[in-house]
Amino acid sequence: MDCIFCKIVQGTIPSRKVYEDDLVVAFHDIQPQAPVHLLVIPKKHIASMNECEAEDRSVLGHALLVAQQVAREAGLAENGYRIINNCGSDAGQTVFHLHFNILGGEKLAPLSNKAIS
């Protein structure tokens, strides 16, 4: 498999990890889009949210709780942060291994000029 995130999980590509357990890994993005840009990925290869199945329920919930934890540890909880999952190329997904982007460290611009809440 030629998946960069699977290679990070396997340890064949280095990363600046901030968290790891049996289910997920969290690390700094190599092309940060904010002062703090972390990624949380499942160790199991799942190409995108569209490929998730009922058996992935626990890893998905766990990944979001880890996102909360690493955001807090990065000092983002007080002022806020954004968690983004891009699903598919039209949404901006460039690495086809499910991942959650955690962005913060500054006031983030709105996603569009339409209010999203």
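Where a number appears in this text, it was derived from the coordinates with a stated rule and is not lab data. This is a predicted model, so every value here is computed, not measured. Every residue, glycine as well, gets a Cβ built from its backbone with ideal geometry; the counts of neighbours run over all protein chains shown.
Where strands (runs of 3 or more DSSP E) fall wholly inside region 1-87, the ranges with 2 or more residues that are hydrophobic (A, V, I, L, M, F, W, C) are 24-28, 36-42, 81-84.
Scanning region 37-73 for residues that are among the β-branched types (Val, Ile, Thr) and more than 12 Å from the chain's Cα centre (by Cα), which turns out farthest from Phe96 (Cα to Cα)?
Of everything passing the filter in region 37-73, Val59 is farthest from Phe96 (Cα to Cα).
The set of residues in region 41-76 that are in contact with a helix residue (DSSP H, G or I) (Cβ under 6 Å, 6 or more places away or on another chain) and over 18 Å from Arg16 (Cβ atoms) comprises Pro42, His45.
What are the residues in region 1-47 that are touching a strand residue (DSSP E or B) at 6+ places or on another chain (Cβ under 7 Å), among the hydroxyl-bearing types (Ser, Thr, Tyr) and farther than 15 Å from Leu64 by Cβ, if any?
Ser15
Applying a threshold of 6 Å to beta carbon distances and a minimum spacing of six or more residues, or different chains, the list of pairs starting in region 63-88 at a residue that is closer than 17 Å to Leu108 by Cα and ending at one that is buried (at least 16 other Cβ atoms within 10 Å of the Cβ) and hydroxyl-bearing (Ser, Thr, Tyr) reads Ala71/Tyr81.
When region 39-50 is filtered for residues that are closer than 15 Å to Ala91 by Cβ, surrounded by fewer than 16 Cβ atoms within 10 Å (Cβ to Cβ) and touching a His at 6+ places or on another chain (Cβ under 9 Å), only Ala47 remains.
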